[in-house]
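The values are calculated or read from the model by the stated rules, or taken from the named source; none is laboratory data. Here the structure is a predicted model, which is why all the values come from computation and not from measurement. Because the Cβ atoms are built from the backbone with ideal geometry, glycine has one as well, and the counts that use them run over all protein chains shown.
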Amino acid sequence: MKKLVIILFFLLSSAISEACQCPLTKLGKAECNKYEIIFRGKVKSTVTCNDKPGEALFEIIDLYKGNAYPEFKIMFDCKDPCSVGFNVGEEWIIYSRYKQIDNAMMDWCSRSRKFIAQAKEDYYAVTYGNSYDDEVKFLMDSLGLHRTLNPDNKPNANNRNELPSTNQSIIILVCSLVSIIVFFYLINKYLK
């Protein structure tokens, strides 16, 4: 009976627990081609998850692939079993895909990695088979450095999808109606 209880306990606990299972990847151009944006940056600020994705604002140090402003937002899922989170001041190499022009959604199973000063504690080096510095060197040699976008030319996101006021809607409708009437009048007059 004890053996049955122990077996049931292990089966239930293994079914309930979620483990992080990311496929191992090898650093190379084929791996880099999977991502739309690759950069090395430092975390400036974070917003924790409150029933929505978390956010980390990065200051880009080196841009290897893609287009980004000097400050770039990464959104992430805090409930992902592979999530390690971001802390202000940390340096990361980010591999991601765009969500919008000025932000990306973090895939915790991407090659993204945090800089860990103590080489003995760098679990990414063991997992990926190369050190942080080796990865930076590979990215510089293979992809080169790209310029970030000029922040002065950044579109104002506050005016997106703004609906016209009631007066503006009436003016637009009246102008459209007048244009249609004039168009039909001219067609009937000159194309008879």
Next item on the list: Pick out the one residue from Lys29, Lys52, Lys65, Lys79 that is loosely packed, with under 15 Cβ neighbours inside 10 Å and touching a residue at least 60 places away in the same chain (Cβ under 8 Å).
Entry: Lys29
Check: Which one of these is free of Cβ contacts under 8 Å to residues at least 60 places away in the same chain and crowded, with 18+ Cβ neighbours inside 10 Å: Ile94, Ile116?
Finding: Ile94
Next item on the list: Determine if the stretch 56-63 includes at least one residue that is touching a helix residue (DSSP H, G or I) at 6+ places or on another chain (Cβ under 9 Å), at pLDDT 90 or above and part of a strand (DSSP E or B).
Entry: yes
Next item on the list: Answer with yes or no whether Glu71 is among the charged types (D, E, K, R), out of contact with any helix residue (DSSP H, G or I) (no Cβ under 9 Å at 6 or more places or on another chain) and under 18 Å from Gly54 (Cβ atoms).
Entry: no
Item checked: Answer residue from the stretch 137-156, given it is of a type in the set (Lys, Arg) and touching a residue at least 12 places away in the same chain (Cβ under 8 Å) and is farthest from Ile101 (Cα to Cα) among those -> Arg147
Next item on the list: Provide a single number: the residues in the stretch 96-138 that are under 24 Å from Glu36 (Cβ atoms) and among the hydrophobic types (A, V, I, L, M, F, W, C).
Entry: 9
Next item on the list: Considering (1) surrounded by 10 or more Cβ atoms within 10 Å (Cβ to Cβ); (2) of a type in the set (Gly, Ala, Ser); (3) under 18 Å from Lys73 (Cβ atoms), say which one Gly89 fails and leave the rest.
Entry: (1)
Note to self: Quick check on my filter: what residues within the stretch 32-45 are over 13 Å from Ser96 (Cβ atoms) and surrounded by fewer than 17 Cβ atoms within 10 Å (Cβ to Cβ)?
What the structure shows: Asn33, Lys42, Lys44, Ser45
